[in-house]
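Okay, so here's the structure we're looking at.
The values are calculated or read from the model by the stated rules, or taken from the named source; none is laboratory data. All of these numbers come straight from a predicted model, not from anything done at the bench. Every residue, glycine as well, gets a Cβ built from its backbone with ideal geometry; the counts of neighbours run over all protein chains shown. When the accessible area is computed, the model is the full protein with side chains, heavy atoms only, and any ligands, DNA or RNA have been set aside. Shrake-Rupley method; radii C 1.70, N 1.55, O 1.52, S 1.80 Å.
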Amino acid sequence: MSLITESDTITLLLGIGIILVLSRVSAEIMKRFKTSVIIGEILIGIILGPSILGNIFPEVSQYIFPQEPDNMIRIGMDTIITLSVVMLLFIAGLEVQLNVMIEQRKNSMKITVFNILIPMAVGILSVWLYPDLFDLFNPSYSNKWIAGLIIGSILCITALPVIARIMIEIGIFKSKIGMIIISSVMFIDIIGWLIFSILISLTNANMLENHQPLLFTIIYVFAFGLFMLTIGIKIINFILPWIEKKLSWPGGFLALSLGFCFLGAAFAQYIGIHSILGSFIMGVAIGNSNHIKSNALEIIQQFIDNIFTPIFFVSIGLYIDFFKFINIEMIVILILISYLSKILGTKMGLRFTNIHRSNHITISSAMTIHGTSEIILASILLKNNIIKEDLFVSIIIMVILSIIISSFILKYSLNKKVLN
């Protein structure tokens with residue numbers, strides 16, 4: 001049994017240190033250009049990985065970020081990346097406000113239904129109509145229905161943190177339209193992650209021919225979510241005042257929150273659901289407690305956003321040569337079906353609401369923004385050998401372009417009118 005050596009430890013710490021320093025520098029640069037810091041962190045990973053540093057100084061790149069999956073340094077980094085993904089979904093859950101979703105449920109659910117159905121249908125049709133173009137799945141997971149639903153999940157899931165930050169920046173987060181957008185995105189993300197968790201369970205367990213495990217998986221997903229968002233919130237409301245009185249604040253809350261995050265993730269993985277859904281639902285439950293202090297949530301978010309989030313987004317480019325796997329045709333197709341399906345879905349949903357037509361462009365452009373969730377989703381698919389590198393790279397580039405293009409359209413539409 002191999003153990004990590006002192007030299008391996010030094011190299012691992014060196015790599016983490018380089019990631020944190022460079023990602024912080026890139027974040028400040030991106031902020032100056034009023035661009036999402038996610039783009040800067042992904043670019044840092046591409047620079048440090050085989051795409052650039054690996055081609056210019058291969059020995060240096062291989063020493064700091066070894067490519068072999070069984071290398072102890074790589075195993076250590078992969079472990080930290082896994083923890084980062086779990087915590088990323090936890091803080092995404094913290095941002096879900098159930099009261100906002102309930103308040104805006106009538107309009108939001110109409111937008112949500114079509115923003116799920118249309119992208120899912122487009123994903124399935126794309127795979128069935130163009131099987132050669134979408135021959136980017138591992139042969140073990142080549143079932144067209146599963147592949148189509150996976151593409152559909154990528155198309156329908158949105159970027160709650162990215163959209164929220166953009167709307168705060170341009171001053172519409174607390175407006176009526178802002179609340180409708182956020183509420184719709186929350187509904188879409190919750191349903192989208194439930195669907196994705198079921199799909200991952202299917203592919204990992206190789207249950208494509210057996211319907212009974214699928215039924216159990218669906219029951220487990222909804223039972224866990226229903227319990228945590230009803231009884232779970234009541235339990236958290238009961239114990240939080242005791243935590244506040246007996247433990248140091250907010251340190252005790254931070255430790256216990258992350259503890260519950262990992263317990264939820266472990267339980268979800270144990271019952272056959274991906275761990276990220278467990279941490280996401282736990283985040284929703286904790287974030288919607290009546291006794292949560294805003295400064296405590298801010299500390300959790302700052303801790304994860306500034307330490308673990310950069311590690312994850314930089315890692316996207318560390319172990320894949322982006323230039324080698326660029327597929328222009330796939331990138332163009334993904335962007336086209338992404339925009340068409342989301343705009344069509346939003347437009348169809350808006351037809352059944354009482355929202356004024358002058359706000360339709362704003363809502364539609366917000367719904368086309370992809371980000372954190374899609375990148376996490378694609379990374380999980382690649383890590384589990386479900387998709388090939390070409391599709392992974394295409395998804396990442398699609399996300400980056402959607403952030404740039406849709407953010408510009410959203411800001412431009414708001415400059416043309418005054419929102420109510």
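Here are the numbers for this structure:
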item	result
Per-region count, segment 1-38, residues over 12 Å from Ile73 (Cβ atoms) and among the hydroxyl-bearing types (Ser, Thr, Tyr)	4
Test: residue in segment 14-33 that is outside any loop (DSSP other than H, G, I, E, B), crowded, with 16+ Cβ neighbours inside 10 Å, under 19 Å from the mean Cα position of the chain (by Cα) and in contact (Cβ under 8 Å) with a residue 60 or more places away in the chain	yes
Residue tally, condition under 19 Å from Met186 (Cβ atoms) and polar (S, T, N, Q), over segment 347-401	8
Count of segment 234-278 residues which are of a type in the set (D, E, K, R) and at pLDDT 80 or above	1
Restricting segment 62-80 to residues that are in a helix (DSSP H, G or I) and either at pLDDT below 90 or β-branched (Val, Ile, Thr) (or both), the residue that is nearest to Leu14 (Cα to Cα)	Ile64
Candidates Ser315, Ser379, filtered to the one that is open to solvent by 10 Å² or more (accessible area, probe 1.4 Å) and at pLDDT 90 or above	Ser315
Some residue of segment 314-327 being farther than 29 Å from Leu83 by Cα and in contact with a helix residue (DSSP H, G or I) (Cβ under 7 Å, 6 or more places away or on another chain)	yes
Only listed residue being within 18 Å of Leu88 (Cβ to Cβ), open to solvent by less than 30 Å² (accessible area, probe 1.4 Å) and among the aliphatic types (A, V, I, L, M), chosen from Ala296, Ala285, Ala266	Ala285
Pair list, Cβ < 6 Å and 6+ apart or interchain, from segment 358-375 residues that are within 12 Å of Ile403 (Cβ to Cβ) to residues that are surrounded by fewer than 24 Cβ atoms within 10 Å (Cβ to Cβ) and basic (Lys, Arg)	none
Checklist (1) assigned to a helix (DSSP H, G or I); (2) surrounded by 21 or more Cβ atoms within 10 Å (Cβ to Cβ); (3) of a type outside the set (A, V, I, L, M, F, W, C); (4) modelled with pLDDT under 90 applied to His370, failing item	(1)
Complete set of residues in segment 1-55 that are of a type in the set (S, T, N, Q), modelled with pLDDT under 90 and farther than 19 Å from Asn71 by Cα	Thr35, Ser36
From Val113, Val127, Val122, Val85, residue being in contact (Cβ under 8 Å) with a residue 24 or more places away in the chain, under 25 Å from Phe313 (Cβ atoms), β-branched (Val, Ile, Thr) and buried (at least 17 other Cβ atoms within 10 Å of the Cβ)	Val85
Residues that are at pLDDT below 90 and not aromatic (Phe, Trp, Tyr), drawn from segment 125-139	Ser126, Val127, Leu129, Pro131, Asp132, Leu133, Asp135, Leu136, Asn138, Pro139
Residues within segment 318-353 that are touching an Asp or Glu at 6+ places or on another chain (Cβ under 7 Å) and either part of a loop (DSSP other than H, G, I, E, B) or open to solvent by 20 Å² or more (accessible area, probe 1.4 Å) (or both), tallied	3
Selected residue (criterion: modelled with the highest pLDDT) from residues of segment 299-312 that are buried (at least 18 other Cβ atoms within 10 Å of the Cβ) and of a type in the set (Phe, Trp, Tyr)	Phe308
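To keep it simple, each residue is scored yes or no on (1) open to solvent by less than 10 Å² (accessible area, probe 1.4 Å); (2) of a type in the set (Ser, Thr, Tyr); (3) part of a helix (DSSP H, G or I).
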site	(1), (2), (3)
Ile355	no, no, no
Ala366	yes, no, yes
Glu374	yes, no, yes
Asn385	no, no, no
Leu391	yes, no, yes
Met398	yes, no, yes
Ser402	yes, yes, yes
